[in-house]
Amino acid sequence: MRITVDKSKCIGAGLCALRLPTVFEQDADEGLVELLDATGGQHSYDEVSQAEYECPSQAIAVTDAAT
């Protein structure tokens, strides 16, 4: 899987960082998303896709490595 984030869309809700703190965090200056692990680490595609789905600003994109 490949994860990308678009900080220009992020509104700083922080749901991603709460759900998957080893993959996402919020920067200290603006509270916007920071991507820590573009592969999702030990998390499943379903777990990361849920964070993508819950993002209110659609700043997260997850693609399956097979596609």
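Listing for the model above:
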{"read-out": "Single residue of segment 13-36 satisfying the filter (assigned to a helix (DSSP H, G or I) and among the hydrophobic types (A, V, I, L, M, F, W, C)) that is nearest to Arg2 (Cα to Cα)", "value": "Cys16"}
{"read-out": "Of all residues making up segment 1-12, the number that are out of contact with any helix residue (DSSP H, G or I) (no Cβ under 6 Å at 6 or more places or on another chain) and part of a loop (DSSP other than H, G, I, E, B)", "value": "7"}
{"read-out": "Selection count where residues are closer than 16 Å to Val62 by Cβ, of a type outside the set (Ser, Thr, Tyr) and free of Cβ contacts under 8 Å to residues at least 40 places away in the same chain, scope segment 5-28", "value": "5"}
{"read-out": "Tally, over segment 58-67, of residues that are among the small types (Gly, Ala, Ser) and assigned to a strand (DSSP E or B)", "value": "1"}
{"read-out": "Residue in segment 37-57 that is touching a helix residue (DSSP H, G or I) at 6+ places or on another chain (Cβ under 7 Å) and assigned to a strand (DSSP E or B) present", "value": "no"}
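Let's see how each residue does on (1) surrounded by 14 or more Cβ atoms within 10 Å (Cβ to Cβ); (2) modelled with pLDDT under 95; (3) among the small types (Gly, Ala, Ser):
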| position | (1), (2), (3) |
| --- | --- |
| Cys10 | yes, no, no |
| Ala13 | yes, no, yes |
| Val33 | yes, no, no |
| Ser49 | yes, no, yes |
| Cys55 | yes, no, no |
| Gln58 | no, no, no |
| Thr67 | no, yes, no |
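The values are calculated or read from the model by the stated rules, or taken from the named source; none is laboratory data. Since the structure is predicted, the reported quantities are computational estimates derived from the model, not experimental observations. Note: ideal-geometry Cβ built from the backbone for every residue, glycine included; neighbour counts use all protein chains shown.
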